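The values are calculated or read from the model by the stated rules, or taken from the named source; none is laboratory data. Since the model is a prediction, treat every value here as computed from it, not as a measurement. We place every Cβ from the backbone using ideal geometry, glycine too, and count neighbours over all the protein chains shown. Note: areas computed on protein heavy atoms with side chains; ligands, DNA, RNA excluded. Shrake-Rupley method; radii C 1.70, N 1.55, O 1.52, S 1.80 Å.
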Amino acid sequence: MKLPSTGLPRDALYAELEAVRAKDADWRRGRTFGLVYYAGDEILDVLRHAYGAFIHENGLSLDAFPSLKHMEGEVLAWCADLFGGGEATAGSMTSGGTESILMAVKTAREHARARRPDLRDPVIVVPITAHPAFDKAAHTLGVGIVHVDVGADGRVTAEAMRAAIDERTILLVGSAYAFPHGVVDPIPELGQLALERDLLLHVDACLGGFVLAFDPTAPPYDLRVPGVSSLSADLHKYGYAAKGASIVLYRDKKLRRHQLFAYGGWPGGLYGSPTMAGTRPGGGIAAAWAVMRYLGRDGYERLVREVLDTSARLRAGIAAVPGLALIGDARHSVMAFTAADADVYAIGDEMHRRGWHLDRQQKPPSLHLMVTPAHGTVVEAFLADLAEATALARAGKIEAMGPGAFYGAIATLPDRGMVEDLILDFMDAG
Ligand SMILES: *Cc1c(COP(=O)(O)O)cnc(C)c1O
């Protein structure tokens with residue numbers, strides 16, 4: 001296919017943009033329980049305005065754009081306050097959770113290199129429920145990674161983490177909350193362990209940070225906890241920013257220095273860059289600043305109450321469906337459930353046919369919901385369809401036909417390498 005030789009007038013182009021999205025997941029009406037965090041058209045309008053206003057500005061040079069320096073500085077200061085930082089706290093805005101985590105792992109590696117020059121093969125220790133961004137970071141940075149099993153409630157224990165530590169360990173990880181089951185790891189115990197063994201501890205609050213920060217009953221999880229050395233939180237999830245916005249914070253600015261990159265030998269000039277990206281979109285920074293300023297503490301508290309109320313209604317409804325069981329005791333905005341005497345993937349495919357998009361999970365087979373303000377009005381309709389889909393699966397009247405069948409099939413494969421080859425084939429085919 002070649003780029004068409006003549007351009008398209010704007011009207012026709014805009015019509016084509018609408019046409020091309022016809023089969024996309026319908027997030028506006030609350031049919032999607034992942035990927036999209038939509039909090040209404042007013043906020044969407046704020047994001048559009050701010051993103052559009054800074055579309056060409058480049059966060060690579062904060063000297064050229066004091067506007068971005070000002071907004072990034074305020075976002076980081078607000079976040080340092082929300083996540084319990086102190087005078088010495090410093091951080092960066094990044095393009096997302098994966099980049100924030102990549103930076104935290106790189107920082108830990110450089111920190112270890114500076115302190116322990118003899119250490120040849122540094123390793124990070126993470127609960128098995130930690131996000132694959134840690135695996136991607138370890139893979140990319142040439143660092144080893146050890147996965148620690150979690151209990152039946154989905155939480156890792158400090159004892160299990162302790163047993164995985166050896167002389168190569170540089171960093172421990174806990175999640176607040178973890179993606180699969182929405183539960184918060186025991187951060188104070190992990191912090192004690194990190195202090196005792198003189199290790200860094202990163203709290204991944206990418207998913208839960210902007211919920212927990214506005215929930216007065218949240219367990220301790222942030223920089224207030226002794227031993228926590230860094231924390232990541234995604235603005236483009238429950239911060240309701242435009243896609244491409246996250247933060248990584250360090251308890252101490254001295255630690256952040258290990259994150260920064262400089263190259264002084266380039267004919268193109270003296271080069272310094274704080275994160276992975278070179279050019280950093282001004283729009284992402286401006287939109288994140290704008291939505292935080294627009295909502296204020298009040299606005300976030302209202303949205304968190306709304307989301308937690310919807311989550312509680314969904315949990316009660318799911319628990320009441322015969323044959324379904326929630327995993328763990330999550331009480332925030334993420335939940336997962338299994339089916340005792342039916343194929344849970346068949347239920348997922350049936351829900352998909354009915355227009356509901358739930359993530360599929362493994363170990364154990366389960367379906368996953370991420371609850372947002374868009375779901376407040378669909379709880380009853382969702383639960384009615386879920387009860388019907390579950391009854392059909394239990395009666396053996398439906399089976400997994402779509403992606404659920406794929407999940408069912410890979411569960412029987414003997415080793416992870418075969419599963420990973422299949423995932424690569426799938427991506428390669430695109
Ligand atoms: C989403 C998520 C990440 C990764 O964030 P991206 O923005 O998708 O790169 C990391 N950790 C947790 C717990 C997440 O939910």
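The figures follow:
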{"read-out": "Estimated FRET transfer efficiency (Arg353, Asp428; beta-carbon r; R0 25 Å; 0.05)", "value": "0.35"}
{"read-out": "Compactness of region 168-265 as Cα Rg over 2.2 N^0.38 Å, two decimals", "value": "1.14"}
{"read-out": "Highest-MSF residue in the chain out of Ser95, Ser67, Ser230 [GNM, Cα springs under 10 Å]", "value": "Ser67"}
{"read-out": "Kyte-Doolittle mean at least -0.5 and Cα axial length at least 20 Å: DSSP H helices in the chain", "value": "66-82, 97-115, 282-319, 379-394"}
{"read-out": "Overall form of region 359-418 per C-alpha gyration tensor (a/c, 1.5; a/b vs b/c)", "value": "oblate"}
{"read-out": "Span from the region 144-175 Cα centroid across to the region 343-367 one, whole angstrom", "value": "29 Å"}
{"read-out": "Choice from Ser273, Ser232, Ser333 with maximal GNM fluctuation in the chain (Cα, 10 Å cutoff)", "value": "Ser273"}
{"read-out": "Accessible-area composition of region 187-228, carbon plus sulfur, in percent [1.4 Å probe]", "value": "56 percent"}
{"read-out": "Hull-based mean projected area of the chain, where the convex hull spans the alpha carbons, in square nanometres", "value": "23.9 nm²"}
{"read-out": "Between region 202-248 and region 1-53, the Cα center-to-center distance that results, in Å", "value": "28 Å"}
{"read-out": "Extension gain, His147 back to Asp118 (0.36 nm per residue minus Cα-Cα distance, nm)", "value": "8.0 nm"}
{"read-out": "FRET efficiency, Gln362 to Lys2 (Cβ-Cβ, R0 51 Å, nearest 0.05)", "value": "0.75"}
{"read-out": "Pairwise FRET efficiency - Thr279 versus Asp26, Cβ, R0 = 22 Å, nearest 0.05", "value": "0.10"}
{"read-out": "Among Ala108, Ala393, Ala19, residue whose mean-square fluctuation peaks in a GNM of the chain (springs only between Cα atoms under 10 Å)", "value": "Ala19"}
{"read-out": "Accessible area (Å², 1.4 Å probe, nearest 10) - Thr140", "value": "90 Å²"}
{"read-out": "List Leu13, Leu3, Leu44, Leu386, ordered by accessible area with a 1.4 Å probe, largest first", "value": "Leu3, Leu13, Leu44, Leu386"}
{"read-out": "Quotient of Cα Rg and 2.2 N^0.38 Å for region 226-285, N being how many residues it contains", "value": "1.39"}
{"read-out": "Length added when fully stretched, Arg302-Tyr271, from 0.36 nm per residue minus Cα-Cα", "value": "6.8 nm"}
{"read-out": "Whole-number accessible area per residue in Å² for the chain, which is evaluated in the context of all protein chains at 1.4 Å", "value": "49 Å²"}
{"read-out": "Built amide H within the under 5 Å cut-off of Ala342, gap 5+", "value": "none"}
{"read-out": "By accessible area with a 1.4 Å probe, ligands and nucleic acids excluded, highest first: order of Phe406, Phe83", "value": "Phe406, Phe83"}
